[in-house]
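All remarks here apply to the structure that follows.
The values are calculated or read from the model by the stated rules, or taken from the named source; none is laboratory data. Note that the structure is predicted; figures quoted are calculated from it, not measured. Neighbour counts are summed over all protein chains in view; Cβ atoms, including those assigned to glycine, are modelled from backbone coordinates with ideal geometry. Just the protein is used for accessible areas: all its heavy atoms, side chains included, with ligands, DNA and RNA removed. Shrake-Rupley method; radii C 1.70, N 1.55, O 1.52, S 1.80 Å.
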Amino acid sequence: MTILDTATLTPDDLRQHVLKGFSRKQMIGFGAPALILAYLVYVFFAFDIAGIASRARLDNAAILVSDFWSHKTHVTRDNRVNEVTVAIEGENKGTYPEGMLPDWVTMQDGVTRIDLDRGHEVIFDADGARYTVPGYGVIDISPQAGKLQLVLPEGGIPDWINASDTRVSVTTEQGRFSYTRNRTEVFKYQAGWELFFFTLDSPFYGKSFVELVKLATIGERITPDRSNLSAMLHDFWTNAMWRHGDVAWALFETVLMAFLGTMGAAMIALPLAFFAATNFSPSRPILFTLRRVFDFLRGVDGLIWTIILSRAFGPGPMTGALAILLTDTGTFGKTFSEALENIDNKQVEGVQSTGASRIQQARFGVIPQVTPVFLSQVLYYFESNTRSATIIGAIVGGGIGLLLTQAIATQKDWEEVSYYIILIVLMVMAMDTLSGWLRSRLIGRTGHA
């Protein structure tokens, strides 16, 4: 053991002795956690994590999540004429026709009773409205001298009731209720996607699966000029609430955008890749120019190309396909040229020894080597672009992306949002399966050729 005389050491000598006591790995081990901790502290303040947590509205989030798998029915009374309407999601397309009501709504002698389950009940009449809440009591609202008079059980106003002279709103686990001088409205939430198969005006609405099977097979025709099965398919396809026909066409547009953009880029990049490969390019300036063009095309993100092209050519699915084409042309040009540079020259020399031309050398000596790589890359990007086309479609006004953004913008039909998201996921899964199957089949055949 060496004993140092610190009295005779200079500060630099002492520092060198200390540093020698630590290996490089130990120094890195001490520094890395400190850097990570400093970065996390920076993120906490830079992204205002504390502010986000304080502004979070978990109650709104719970309503949003419930809207994904449930629907709400609006029972609305026009207080000026005492007219009551019942509509699913509050839309005219989902309004119950006269003489038809859900079993939890009854109307008799100008009095409307709404059963919200678990003892919750709302009553409309000419004097106002009353909401009975089990365990709390009756909330009584009536118009008095141009204002709303609110009568509550003793104990003050709870936080789930908001009241003013012009509006009273109540939110419970069974539904929501609001009262103004002009309108009274009750929202009842129920599980399921109502009217998904048939709308209220369809003769098949409300029938069980067994009844529908009987009608489709042995039942008497409801419409004389077509079979019941054909009428069912027609009513489903033309459903005004869920628009299944429009959704199917939007999915087709999304896949078409991805297909046209990907395949168009592959056809353009394939011949250009020969001029951008060092072992095939006729001159250095051409090689340099093409490589910079490819860098430029793939360096600009597809969304940027989408915005530029939509301003130049207007919105539409073709604009989205062009945006994908430009981005993928740059990507394919780079990857194709790199694949060409890595070929086995012995096969090319073998074809060349037969006196073949340069085109024949490329056809029989080069293409068979690079075809598996090219096909794999094209199919992979086709699968990836199917997802990208959803976002691009939202910008250019085409495909399932447009329907998705429209449903989100309404801030009410979140069950449609979940429907479109599920369809997008299924579409991506289908394209992934198809792409994998094609890769295995086509590349396998090429390998045995």
Solvent-accessible area of TYR380 with every protein chain in place, 1.4 Å probe, in Å² to the nearest 10: 110 Å²
Per-selection Rg to Rh, the stretch 231-295 - Cα, Kirkwood hydrodynamic radius: 1.45
Under the span-like rule (Cα at least 15 Å along the axis, Kyte-Doolittle mean at least 0.0), DSSP H helices of the chain: 24-46, 58-69, 244-275, 284-299, 302-313, 317-341, 367-396, 399-410, 414-448
Length-normalised contact order for the stretch 157-196 - Cα pairs under 8 Å, 6+ apart - percent: 24 percent
Residue-level accessible surface for PHE336, protein heavy atoms, 1.4 Å, Å²: 0 Å²
By accessible area with a 1.4 Å probe, ligands and nucleic acids excluded, highest first: order of LEU215, LEU340: LEU215, LEU340
Theoretical gain in end-to-end length, LEU442 to PHE45 [0.36 nm per residue, Cα-Cα removed]: 137.7 nm
Mean shadow area of the chain, taken as a quarter of the surface of its Cα convex hull (nm²): 46.2 nm²
LYS207, LYS346, ranked by accessible area, largest first (probe 1.4 Å): LYS346, LYS207
The stretch 196-243 - percent of accessible surface contributed by carbon and sulfur, probe 1.4 Å: 63 percent
Amide H contacts of THR95 (H built 1.01 Å from N, under 5 Å, at least 5 apart or other chain): ILE88
Residue-span extension gain [ILE123 to LYS346] - 0.36 nm each, minus C-alpha spacing: 71.4 nm
Simple spin-label estimate for LEU152 and PHE252 in nanometres, 7 Å along Cα-Cβ: 5.7 nm
1.4 Å probe accessible area per residue over the chain, in Å²: 59 Å²
Label-point separation, ALA163 to TRP69 (7 Å along Cα→Cβ), nm: 3.6 nm
Centre separation in Å (Cα based) which lies between the stretch 324-396 and the stretch 112-129: 69 Å
222 nm mean residue ellipticity, helices alone, for the chain (DSSP H n ≥ 4; -39,500 (n - 2.57); rounded to 500): -18000 deg cm²/dmol
